[in-house]
1. Quick check on the range 21-37. Is at least one of its residues surrounded by fewer than 13 Cβ atoms within 10 Å (Cβ to Cβ), of a type in the set (Lys, Arg), over 17 Å from the mean Cα position of the chain (by Cα) and not in a loop (DSSP other than H, G, I, E, B)?
2. Tell me, yes or no, whether the range 41-59 has at least one residue that is of a type in the set (Ser, Thr, Tyr), without any contact (Cβ under 8 Å) to a residue 24 or more places away in the chain and assigned to a helix (DSSP H, G or I).
3. Looking at Gly19, Gly8, Gly36, which one is under 19 Å from Val59 (Cβ atoms) and among the small types (Gly, Ala, Ser)?
Amino acid sequence: MSLAIFIGVLIFAIANIIGLLGISFILWMAVDAAKGDKYWWIVLIIGVPLIGGIIYFFVEKKHEYAKISNA
């Protein structure tokens, strides 16, 4: 196996892992928003997937973690 093929396969594998992590994050945020009946958040997360999920995490989810650590 030549070095170029090995590097190509490695880049392909890393890109797929990053993609799966992104999809998992989006699903996690969408399910969390659905549990709290936050339907506009679901629309944002599904409509603008990665950006919507990141915004939801920092606006809503991060505050939950702060409450847990302060308790």
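1. No, the conditions are met nowhere in the range 21-37.
2. no
3. Going through Gly19, Gly8, Gly36 in turn, just one is under 19 Å from Val59 (Cβ atoms) and among the small types (Gly, Ala, Ser): Gly36.
Any read-out appearing in this document is the output of simple, stated calculations on the displayed coordinates, not a laboratory observation. Owing to the predicted nature of the structure, the values given are computational and were not obtained by experimental measurement. As a convention, Cβ positions derive from the backbone with ideal geometry for all residues, glycine included, and neighbour counts pool all protein chains shown.
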